[in-house]
């Protein structure tokens, strides 16, 4: 992971509110977890991908095409992760529909894990499961409320762990919401 | 020396050092630093950012517990913005490369982002977030050195991009000698208050606040709408002379008529009162010879509050005014919100046609709890002074009866609870909707007095929005239809044995004083108060008989232009000292 790489990918913004403060906040927070330099291009205008204010300044609307480019040792993983969250509504709608779609969180976990080369193993009730395999996680009954331990082994382990921690810590938010409504609590 | 042109809204001339307000009320003490201060500025900046971050995170946690994580999001978003290295680098670059003081670096950077956001319809709604963020960092930067508008110790010319009603109402006229503002127009809050307090003010200057540095000498010419930045000695001298001359003329007039009644040569008396927005204006009104308060615009309590004012808040404000009035009358108008007067708390959803919508008394009847709070405060205050109450925007008897029923219920409530209130408190209504003027004879049976609101009466009668530049010149107080409505209202009141006041702007324009006197008005409530002596002087220098003849003559003219010309001519003939 020492070589300089360049990767880029185009996505279409699929958030009704556009690339607004919360999507931008989530995007920049994720981008910051990588070593690579990240740049976002929209309608010919470029902005550093780790800067909330610059990203907001792009004024990306729902349906706009956005190019995510990364340069650096973890550029490949970085672009994959950012494109994934961008295609999934920047993960900002969680609190609205985890009730209806409890598996969404698990799919996200597996998809993000799959962006990395490292082996990522989740431990659920003493059993080990490949965290990149969504159906295996679901078979073990993993939900947003399950307590999970992760083993991450490989060259991009640091970034992989950071991304998974970010996802999991943000899902506390979901839990709190649900507990507050009296619906959740594992 | 630079001269800027704007809209004059407060009279007179002021000369003094600029006091710059940025980011909604935070003053920046200086804009530039020397080379060897740069590193110190950077550490001050870093420290302030880190303090602001801690504060925001603590706030987010607190709010999250109290109101849920959704509500707290905005604070965590602000904290995240302060962790944006690119943004912080922009602050640092301005300090290092341009030698900006830390405060100015933050204000300048955020100002640029704000302009960029405001240009984009999609981003404009986020601009207030930038304001908040800027203000928070600035407050940490300034720390103990923070200078508040409310605690000024020296005389200044206040320069700002815009002022909130709460800032204008609390400013100290003893130290704020002039106001210059980028935003604003002739009918805004700043215009009303600056004029009421007699502070020379020029608004609508575009970008004056950006061109000024704190401490710059500024001349405010509130007559011509000029602002002179960094004037030379000679210009300062000329303006000083003009200022002192104007002050002298005013003092002479004031000394001459202040303690005298507005009584015509043949013994007909008109009471001259003043309009106020806040109890702080009472003292000034009395100093200028006002015989009481003929209109207290209580909606300013709403416009200047973060929350809906409680009964106590109303009561306290009324008591403050009553104490200063020392037995002189005060007419409290119940809140007149809506139309153009919203923006503070309690704003309803936007309407297509707010001036014909749920404004004023209609809004109060829809929110009887708020209305009762205010009426209770008025009833409580009524035993402490000469209090009258009036209802704005009444368009018909049903509405009038509905509000009077609420008042009656509260009076019964007080009675049963053994609480003191003035049983004889006068209850009046404003005549400002043409329907009320047309059947004033019927309405007069239900009230103790009328007060004519000419601004709305003219606007509704002529279907003219005078803030619309395309039709503003068709806003004509001397339109025959307007004059007939005035006469109908005044005659109806007198036939019913009640008195009529007039509190609209027409009553404060010395052009119309003679005519209104002749129409038989009993009371004029004037704003700004420095006009009180002039109005008194006019009335004292004519006879009621002449004024009546003039009114009859003007009333019989079917063309506005002729009426305007004739009235100007009569004014010049009868009162050459005021109308040259």
Share of Cα-Cα pairs in region B:295-442 lying beyond 28 Å, as whole percent | 17 percent
Using the eigenvalues of the Cα gyration tensor, what equivalent ellipsoid semi-axes result for region A:43-166 when each is taken as the square root of five times the eigenvalue, whole Å, largest first?
-> 29, 19, 10
Find the centroid of the Cα atoms in region A:72-94 and in region B:393-434, then give the distance between the two in whole Å.
-> 64 Å
Cα-based Rg of region B:243-346 normalised by 2.2 N^0.38 Å, two decimals = 1.30
Based on the Cβ-Cβ distance from residue A:17 to residue B:187, what FRET efficiency comes out when R0 is 30 Å, to the nearest 0.05?
-> 0.25
Any number yet on Rg/Rh for region B:404-516, C-alpha, Kirkwood?
-> 1.09
Longest principal axis of chain B (C-alpha) makes with the long axis of helix B:560-574 (C-alpha) an angle, in degrees to the nearest 10, of 80 degrees
Output the antiparallel fraction of DSSP beta bridges having both residues in chain B, as a percent to the nearest 5.
-> 35 percent
Coarse-grained scattering of region B:500-580 at q = 0.11 Å⁻¹, given as base-10 log I(q)/I(0) from a Debye sum over alpha-carbon atoms | -0.26
Taking Rh as the Kirkwood radius computed over alpha-carbon pairs of region B:456-565 and applying Stokes-Einstein at 10 °C with viscosity 1.306 mPa s, one gets a diffusion coefficient in µm² s⁻¹ of 109 µm²/s
Distance in Å, no decimals, from the C-alpha centre of region B:248-290 to the one of region B:188-205 is 21 Å
Computed FRET value (nearest 0.05) for residue B:417 with residue B:366, which takes r as the C-beta separation and R₀ as 30 Å = 0.70
Relative to a virtual label point 7 Å from the Cα of residue A:10 in the Cα→beta-carbon direction, which members of region A:64-88 show backbone nitrogen distances below 14 Å?
-> A:64-69
Length-normalised contact order of region B:30-145 in % [C-alpha pairs under 8 Å, at least 6 apart] = 33 percent
With Cα coordinates, the longest principal axis of chain B makes an angle with the long axis of helix B:38-67, in degrees rounded to 10, of 60 degrees
Per-pair calculated FRET efficiency, R0 = 22 Å: residue B:383 and residue B:404 via Cβ, rounded to 0.05 | 0.65
Cα gyration tensor shape for region B:540-580, rounded if a/c is under 1.5, else prolate or oblate | oblate
Share of Cα-Cα pairs in region B:222-286 beyond 18 Å, in percent?
-> 63 percent
Roughly how many Å is it from the Cα centre of region A:1-59 to that of region B:350-375, as a whole number?
-> 47 Å
Over region B:189-318, what lengths in whole Å, largest first, do the semi-axes of the equivalent ellipsoid take, defined as the square roots of 5 times the eigenvalues of the alpha-carbon gyration tensor?
-> 32, 27, 11
Principal axes first, then extents: for the Cα atoms of the protein assembly as shown, list largest minus smallest coordinate on each axis, whole Å, largest first.
-> 105, 68, 48
Share (percent) of C-alpha pair distances in chain B greater than 35 Å works out to 45 percent
Rank by packing, highest mean first: peptides A:150-158, B:413-421, with packing defined as the count of other Cβ atoms within 10 Å averaged across residues.
-> A:150-158, B:413-421
So how tilted is helix B:233-257 from the main axis of chain B? Cα-based, degrees 0 to 90, rounded to 10.
-> 30 degrees
Which value, to two decimals, describes the C-alpha radius of gyration of region A:5-92 once divided by 2.2 N^0.38 Å?
-> 0.93
Expressed as a whole-number percentage, the relative contact order of chain B with C-alpha contacts under 8 angstrom and at least six residues apart is 14 percent
Which whole-number percentage describes the relative contact order of region A:5-92, with Cα contacts under 8 Å and a sequence gap of 6 or more?
-> 47 percent
Rounded to the nearest 500 deg cm²/dmol, what is the calculated helix-only ellipticity per residue at 222 nm for chain B, with -39500 (n - 2.57) per DSSP H run of length n ≥ 4?
-> -15500 deg cm²/dmol
For peptide B:67-73, compute the average count of partner chain beta-carbon atoms within 10 Å of each residue's beta-carbon.
-> 3
Given the Cα atoms of region B:30-145, and with Rh set as the inverse mean 1/r over their pairs in the Kirkwood sense, what is Rg to Rh to two decimals?
-> 1.01
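Laboratory data are not the source of any read-out in this text; all were calculated from the coordinates shown. Every value quoted in this text rests on a predicted model; they were computed, and no experiment measured them. Here the Cβ is made from the backbone with ideal geometry for all residues, glycine too, and neighbour counts use every protein chain on show.
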